[in-house]
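The values are calculated or read from the model by the stated rules, or taken from the named source; none is laboratory data. All figures in this text were calculated on a predicted structure; none of them were measured in a lab. Here Cβ is always computed from backbone atoms with ideal geometry, including for glycine, and neighbour counts include all displayed protein chains.
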Amino acid sequence: MVRRKERLFAEIMLAADVATLVAAFVLAYLVAADLPSFRLGPMQPLRAYTWTLLITVLVFVAALGSCGFYRSRTYQEKGTIIASAVKASLLGSLTMVGVLYLMGRLDPARLALDGFVLGCIMVALTMEKAAVKGVLDRIAERRRKQGAWQVLIVAEGDDAQAYLDLLELHPHWGIAVAGVLDPSREVTLAVASWGGGGASRPVKGRLDWRQVLKQYVVDEVVAVVPWLEAGAFGELQEACMERGLIFRLLVQMPEAQVGRYHIDDIGEGSYLISLESVPQDFVPLLLKRAIDIAGSLVGLAVCGLVYLWYRPKIHRESPGPVFFSQKRVGQNGRLFDCYKFRTMYVGADKRQVEMLSKSKLGKAFIKLENDPRATPTGKWMRRVYLDELPQFWNVLKGQMSLIGPRPSQPVEVSNYEHAHHRRLSMKPGMTGLFQVGGHDAVTAFEEVVKLDCAYIANWSLWLDFKIMAQTVGKILRADGL
């Protein structure tokens, strides 16, 4: 219901915005054509500005969308609407100035004309949004007074407030509440604040839903129930079906501290309710994987060049293998061999237990400022992150990502508390928020967890690009471990 109503609302608002933008553009052109002060020479015919008009519409629609004008809840307060309309207009105008400049169409001869057109659009959009607010309010109020769409709420105790809050967020639906029926008390309660045409009547004895519904003039019945009791309203559903009334079930799930709920219709009356606490958007994740593959191929080419330079140096300082592999814990506990250039003396891994006691962040996160096991060149390699170049092979294999939480060692994970495991819910990365933001400032493992969980909760491709840019800066400054 909510999604369909919001989609229809967005389509209507989009049509109104496009009409307003086209009308304002054409009107501004016609006015400017009669005022020589806006031009230094003859103006081109209106059809010559078709592409400019198209770009203007696209830019301003995007600006309006970013300011929330295609969600009905944005239209609650008139002051907020006007402020957001001005913000969207300024954002669209500045974007258009940049676009016109890149197109080579921003010159002193046209500056006054362009400014006049954009000014007309800003005024038109602000007036449109204020007018839309007034029209929506009048329509919704008239629908509620006339009882055009009446709803009976069935809920125990204070559960009905969840649906009433939904109506508060979407006042322009124009829904009138006929009453609230509490089946545990077997009595209906009036909801005077929402108006409506139905009068509340007490219901005695065991509820017969068919008899109850006869006492109301309603178009829809909404049952608000905890998720464990969602299947207890079969008789009410059947009674609504017989009378041709819409039946809705508002299921109250436990409040999610992280993530969001998602519902899938799997057919035959079954619905799969999922709590998604990690990113699940297919296309962005597919693009992330494509970027990982492309980046790993480039990184492995660089790794090959560094290998040719580093091999003789590590052999002089500590004869032995150039590469070093170590078990790491990947996404949701998967073990994999993580590869690096060896930067420590042979046998350094045998001193790991000793290093645990010296880690400044505790046993769950081994971090040493001046690791005595590192070779001279190895210390420099770690400062500029060149030791991690072989991890591009792990990225190519899909065990790691370019950006993500820091990969953990099994010995570290064995010291995790339950809440720490959330940082393992995404693929580990070669770099991440800890490396670029908290590498030097972090003084406790809980801060590492906080950074990694923040990355998971707020992940986007844009965030990955920002972290990548910051990582390049740290490499150039050579301030790694």
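Okay, residues lined up against (1) at pLDDT below 85; (2) within 30 Å of residue 375 (Cα to Cα); (3) assigned to a helix (DSSP H, G or I); (4) not assigned by TED's automatic domain parsing to the domain that holds residue 415:
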residue: 273; (1), (2), (3), (4): yes, no, no, yes
residue: 294; (1), (2), (3), (4): no, no, yes, no
residue: 297; (1), (2), (3), (4): no, yes, yes, no
residue: 303; (1), (2), (3), (4): no, yes, yes, no
residue: 306; (1), (2), (3), (4): no, yes, yes, no
residue: 316; (1), (2), (3), (4): no, yes, yes, no
residue: 321; (1), (2), (3), (4): no, yes, no, no
residue: 340; (1), (2), (3), (4): no, yes, no, no
Original post:
Out of (1) over 29 Å from residue 171 (Cα atoms); (2) modelled with pLDDT of 75 or more; (3) surrounded by fewer than 13 Cβ atoms within 10 Å (Cβ to Cβ), the odd one out for residue 42 is which?
Top reply: (2)
Original post:
Looking only at the stretch 263-285, which residues are within 18 Å of residue 457 (Cα to Cα) and either of a type in the set (S, T, N, Q) or surrounded by 10 or more Cβ atoms within 10 Å (Cβ to Cβ) (or both)?
Top reply: 274, 275, 276, 277, 278, 279, 280, 281, 284, 285
Subject >> Residues that are at pLDDT below 85 and part of a helix (DSSP H, G or I), drawn from the stretch 1-11 >> reply: 2, 3, 4, 5, 6, 7, 8, 9
Original post:
Applying the selection to the stretch 272-288, what residues are within 21 Å of residue 455 (Cβ to Cβ) and either among the polar types (S, T, N, Q) or touching a strand residue (DSSP E or B) at 6+ places or on another chain (Cβ under 8 Å) (or both)?
Top reply: 275, 276, 277, 280, 288
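Rundown of residues vs (1) among the hydroxyl-bearing types (Ser, Thr, Tyr); (2) surrounded by fewer than 17 Cβ atoms within 10 Å (Cβ to Cβ); (3) touching a residue at least 12 places away in the same chain (Cβ under 8 Å), yes/no style:
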| site | (1), (2), (3) |
| --- | --- |
| 221 | no, no, yes |
| 226 | no, yes, yes |
| 229 | no, yes, no |
| 234 | no, yes, no |
| 239 | no, no, yes |
| 242 | no, yes, yes |
| 246 | no, yes, yes |
| 258 | no, yes, yes |
Original post:
Has the stretch 343-363 got at least one residue that is buried (at least 20 other Cβ atoms within 10 Å of the Cβ) and either outside the structural domain of residue 451 (by TED's automatic domain parsing) or modelled with pLDDT of 90 or more (or both)?
Top reply: no
Subject >> Those residues of the stretch 379-432 which are free of Cβ contacts under 8 Å to residues at least 12 places away in the same chain and among the small types (Gly, Ala, Ser), in sequence order >> reply: 414
**OP:** Look through 16, 62, 24 and report the one residue that is closer than 16 Å to residue 132 by Cα and modelled with pLDDT of 80 or more.
**Re:** 16
**OP:** Would you mind telling me which numbered condition in (1) farther than 30 Å from residue 218 by Cβ; (2) modelled with pLDDT under 80 residue 147 fails?
**Re:** (1)
Subject >> Subset of the stretch 292-329 (residues that are under 29 Å from residue 260 (Cβ atoms) and in contact with a Ser or Thr (Cβ under 9 Å, 6 or more places away or on another chain)) >> reply: 292, 329
Original post:
Which of the residues that make up the stretch 404-419 are under 28 Å from residue 291 (Cα atoms) and either part of a loop (DSSP other than H, G, I, E, B) or at pLDDT 95 or above (or both)?
Top reply: 404, 405, 406, 407, 409
Subject >> Members of the stretch 190-245 found to be closer than 13 Å to residue 176 by Cβ, at pLDDT below 85 and either of a type in the set (Asp, Glu) or not in a loop (DSSP other than H, G, I, E, B) (or both), listed by number >> reply: 192, 193, 194
Subject >> Test for residue 286: is it among the hydrophobic types (A, V, I, L, M, F, W, C), in a helix (DSSP H, G or I) and not assigned by TED's automatic domain parsing to the domain that holds residue 216 >> reply: yes
